[in-house]
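For reference, the structure is listed below as structure tokens.
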Amino acid sequence: MKTRGGDVKIDGGCHCGEITYEAEINPDNVIICHCTDCQTISGAPYRVNVPVLVERFRLSGAPRTYRKTGDSGDAVATTFCATCGAALYSSKGETPSFVFLRLGGVKQRAQLAPKKQGFCRSAMPWALDIRDVLEIPAPAPSKDA
């Protein structure tokens, strides 16, 4: 990750590689969202996002978009890969000034710890502290690989 005035350059894409992107973000703006929409759309107890100014976001590929009214009451567009289904980002309104990039597809995600969390009233109580949950070791690589 290269630093430029406090912002960092990141890159990533969807699971199948059909869509890629580059962006410049402020790492202090990484946020966990516990809203019920993020839970349902992601199939997980929360989603991790980072806002990116549109002019600092470059996308390659042709994603699909799903539009709905979010928990906030705003029109929300969720953008994803039509081939593998990986969520890429969401935005609000017809001409957004920024998008909420999904951290799961960012190559540098391990270095981008969330600094805030929102919609905590919808949070799964067990998701706020999983330190005591039993860890299952990764399986050994296949001998055929």
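The values are calculated or read from the model by the stated rules, or taken from the named source; none is laboratory data. Predicted model, so just to flag it, every value in this text is computed and none were measured. With ideal geometry, Cβ positions are generated from the backbone for all residues, glycine too; neighbour counts draw on all protein chains shown.
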- Just one of the numbered conditions (1) of a type in the set (Phe, Trp, Tyr); (2) closer than 23 Å to residue 129 by Cβ; (3) surrounded by fewer than 16 Cβ atoms within 10 Å (Cβ to Cβ) is not true of residue 66; which one? (2)
- Task: Determine whether the range 21-28 contains at least one residue that is surrounded by 13 or more Cβ atoms within 10 Å (Cβ to Cβ), in contact with a Ser or Thr (Cβ under 8 Å, 6 or more places away or on another chain) and modelled with pLDDT of 95 or more.
- Result: yes
- Message: Can you find a residue that is of a type in the set (Ser, Thr, Tyr), under 17 Å from the mean Cα position of the chain (by Cα) and under 21 Å from residue 34 (Cα atoms) anywhere in the range 121-128?
- Response: no
- Odd one out for residue 96, checked against (1) part of a loop (DSSP other than H, G, I, E, B); (2) free of Cβ contacts under 8 Å to residues at least 24 places away in the same chain: (2)
- Has the range 103-111 got any residue that is out of contact with any Leu (no Cβ under 8 Å at 6 or more places or on another chain), among the basic types (Lys, Arg) and assigned to a strand (DSSP E or B)? no
- Item | Criterion (free of Cβ contacts under 8 Å to residues at least 24 places away in the same chain, surrounded by fewer than 17 Cβ atoms within 10 Å (Cβ to Cβ) and on the phi < 0 side of the Ramachandran plot) met by exactly one of 40, 36 | 40
